[in-house]
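Notes follow the structure.
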Amino acid sequence: MSIKGKAYIVGAYEHPARHAPDKSTPQLHAESALGALQDAGLSRDDVDGYFCAGDAPGFGALSMADYMGLKLRHIDSTETGGSSYIVHVAHAAEAIAAGRCSVALITLAGRPRSEPFRRGGGVAPPEADFETPYGGQTSNLYGMCAARHMYEFGTTSEQMAWIKVAASHHAQYNPHAMLQNVVTVEEVLASPIISTPLHRLDCCVVSDGGGALIVAAPEIARSLKRPLVGVMGAGEAVKGPRGGELDLTFSAAAWSGPPAFEMAGVTPADIKYASIYDSFTITVLMQLEDLGFCKKGEGGRFVADGNLISGVGKLPFNTDGGGLCNNHPANRGGITKVIEAVRQLRGEAHPQVQVPNCDIALATGIGGALGARHGAGTVILEREG
Amino acid sequence: MAEPSTTRKVPAPQGNPETGSFWDAARQGRFMVGRCVSTDKGGCGKAHYYPRSICPFCFAPGATLEQASGKAVIYTVSVTYRGAPEPYAIGYVELEEGPRIMTNFTGAALESFRIGDPVKVVFIPTEPDAPPVPMFAPA
């Protein structure tokens, strides 16, 4: 079933907090939900579908649904890490197309700067004994991908640094961004090594905060006073070492992208703006290749020399500053990717980074660990009218 | 250049009913891989890792453990300097039997390990009474 034209993103809200020691995580979820509902011109009682992922406190969606007093006929707590919320947009559109709900709320929030990360209990995953002893952590699970990419394709640290430079050029116009200073390639390379070959400035920020989206049926979207942002196409995929068939040269975006483009009936050349999940610079580089914005192995040359800077390069990306400079709430950047794409399509991005005549945008994300198991979600969005 | 990690505390494997025999072999210094049943028995015959009872490639039941050569080539490596008490080298190696597996590198300076280098398995102690874990050192 195609979801093209079956649902619209009518509300989007990025919580302004980047450090929230005086708020609870459920509170940040609820404040984000309220912000998205106000943006849409809808009320809490209009919501009949709720989507959340592993950052939501409690058992699946149950605690947050109860906390917010939601009355629901559809719930979905699909968990693919930071890409979950992009997948949720697609699942919400599917649920709306199937008549299972008409107004879907998606929330994300967390406080990694203010409270320690708590691992879930329960049964150990099957790979634990074969990976945990080796100290796999977020930085090296991406560093290993960067090392292999450099080996296979001659990608350089200078090329990867351009991704941070481009994000910083955008973040200077975002008063909420954690890092608002423009940086140079040399400054990225001079920052300390976290896990080879990644420097500190190859990494995203750690921020408290949250965000929310409202996805609604066409008749509801047309009754509201907001620009129409339609879901044109979507894809999702998972990828892992799979018994030893590991290939770190590509991400699951190679599988989530093609069905999204096919459903939307567009190609990468039609995309005016792209939100590319930027947990690390290498994450962006690999997804650009995997989605077909350039050939495999040419990502380094594609991102160099400001090609991702709005008004300068061919493919404006992450014009809010992205996870690299603006915000990575709950260590999960998927929802902010969709939010900035909605801003661009509405013409509500900062004037210094707004893409002229932005009618088709893409948001894509990788959640989990690129160097091990990860999930990818891709959505293609269109402004109507 | 950082020196090889010898004191980093390595978490002990917990084991489970499916992987207990792998860790029993590890205690005896034998490094095992999973092997699917042969094609004449409905499987694909390929080696896999970590070991499963049902083959992850063809989903045939009845996979068994077999001793691996311990020879491998470095597929990727990253030396981690932050987020841990001391630096360490993590990577994937491609086993002679085929599978690419996560590991640490030991027995030489951390920055000396290069993609494509030949390495061999060594067992590194974890905790008293717990099995050792396989890592890789220069061949």
- Out of all the residues in the range B:60-119, which are in a strand (DSSP E or B), in contact (Cβ under 8 Å) with a residue 60 or more places away in the chain and β-branched (Val, Ile, Thr)? B:Ile74, B:Val79
- Which pairs do you get when a residue that is at pLDDT 95 or above, found in the range B:22-35, comes within reach of a residue that is of a type in the set (Gly, Ala, Ser), reach meaning Cβ atoms under 6 angstrom, with the pair 6+ apart or on two chains? B:Trp23/B:Gly15; B:Phe31/B:Ala68; B:Phe31/B:Gly70; B:Met32/B:Ala25; B:Val33/B:Ala47; B:Val33/B:Ala68; B:Gly34/B:Ala63; B:Arg35/B:Ala47
- Matching residues, the range A:236-245, being open to solvent by less than 10 Å² (accessible area, probe 1.4 Å) and either within 21 Å of A:Cys101 (Cβ to Cβ) or of a type in the set (D, E, K, R) (or both): none
- Query: Can you find even one residue in the range B:92-109 that is facing another protein chain (nearest Cβ under 8 Å) and open to solvent by 30 Å² or more (accessible area, probe 1.4 Å)?
  - Reply: yes
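Only residues that are modelled with pLDDT of 95 or more and not hydroxyl-bearing (Ser, Thr, Tyr): list them for the range A:214-226, please. Working first, answer last.
If we filter the range A:214-226 for residues that are modelled with pLDDT of 95 or more, which is where we start, we get A:214-224.
A:Ile214, A:Val215, A:Ala216, A:Ala217, A:Pro218, A:Glu219, A:Ile220, A:Ala221, A:Arg222, A:Leu224 - these are the residues of the range A:214-226 that are modelled with pLDDT of 95 or more and not hydroxyl-bearing (Ser, Thr, Tyr).
Looking only at residues in the range B:78-91 that are open to solvent by 60 Å² or more (accessible area, probe 1.4 Å) and out of contact with any strand residue (DSSP E or B) (no Cβ under 7 Å at 6 or more places or on another chain), which one is farthest from the other protein chains (Cβ to nearest Cβ)?
In this case the residue turns out to be B:Pro85.
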- Any idea how many residues of the range B:9-24 are closer than 24 Å to B:Phe57 by Cα and more than 10 Å from every other protein chain (Cβ to nearest Cβ)? 3
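Assess whether A:Ile96 counts as being crowded, with 24+ Cβ neighbours inside 10 Å and not in a loop (DSSP other than H, G, I, E, B).
Working: crowded, with 24+ Cβ neighbours inside 10 Å: yes; not in a loop (DSSP other than H, G, I, E, B): yes.
Yes; evaluated as a whole, the condition is true for this residue.
Table: residues versus (1) within 26 Å of A:Ile106 (Cβ to Cβ); (2) of a type in the set (D, E, K, R); (3) open to solvent by 10 Å² or more (accessible area, probe 1.4 Å).
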site	(1), (2), (3)
A:Phe317	yes, no, no
A:Cys325	yes, no, no
A:Ala330	yes, no, yes
A:Glu348	yes, yes, yes
A:Ala376	yes, no, no
A:Glu384	yes, yes, yes
- Looking only at residues in the range B:120-131 that are assigned to a loop (DSSP other than H, G, I, E, B) and out of contact with any helix residue (DSSP H, G or I) (no Cβ under 6 Å at 6 or more places or on another chain), which one is farthest from B:Lys9 (Cα to Cα)? B:Asp129
- Hey, does the range A:73-85 have a residue that's assigned to a helix (DSSP H, G or I) and within 18 Å of A:Ala12 (Cα to Cα)? yes
- Message: Tell me yes or no: at least one residue of the range A:271-278 is hydroxyl-bearing (Ser, Thr, Tyr), open to solvent by less than 10 Å² (accessible area, probe 1.4 Å) and in contact with an Asp or Glu (Cβ under 7 Å, 6 or more places away or on another chain).
- Response: yes
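I'd like the full set of residues that are open to solvent by less than 20 Å² (accessible area, probe 1.4 Å) and of a type in the set (A, V, I, L, M, F, W, C), limited to the range A:246-260. Quick ask: steps written out before the conclusion?
Residues of the range A:246-260 that are open to solvent by less than 20 Å² (accessible area, probe 1.4 Å), as a first pass: A:246, A:248-249, A:251-253, A:256-257, A:260.
Result: A:Leu246, A:Leu248, A:Ala252, A:Ala253, A:Ala260.
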- Task: Taking A:Leu324 as meeting all but one of (1) closer than 30 Å to A:Ser24 by Cβ; (2) assigned to a strand (DSSP E or B); (3) in contact with a Cys (Cβ under 8 Å, 6 or more places away or on another chain), write down the number of the exception.
- Result: (2)
- Message: Being in contact with a helix residue (DSSP H, G or I) (Cβ under 9 Å, 6 or more places away or on another chain) and either closer than 16 Å to A:Pro241 by Cβ or within 13 Å of chain A (Cβ to nearest Cβ) (or both) is true for just one of B:Cys44, B:Cys36, B:Cys55. Which residue is that?
- Response: B:Cys55
- Task: Counting only residues that are of a type in the set (Gly, Ala, Ser) and open to solvent by less than 40 Å² (accessible area, probe 1.4 Å), give me the helices (runs of 4 or more DSSP H) lying completely in the range A:116-226 with at least 3 of them.
- Result: A:138-153, A:157-171
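The values are calculated or read from the model by the stated rules, or taken from the named source; none is laboratory data. Note that the coordinates shown come from a computational prediction; the quantities given were computed from them, not determined experimentally. Backbone-built Cβ (ideal geometry, glycine too); neighbour counts: all protein chains shown. Side chains included, ligands, DNA and RNA excluded: accessible areas come from the protein's heavy atoms. Shrake-Rupley method; radii C 1.70, N 1.55, O 1.52, S 1.80 Å.
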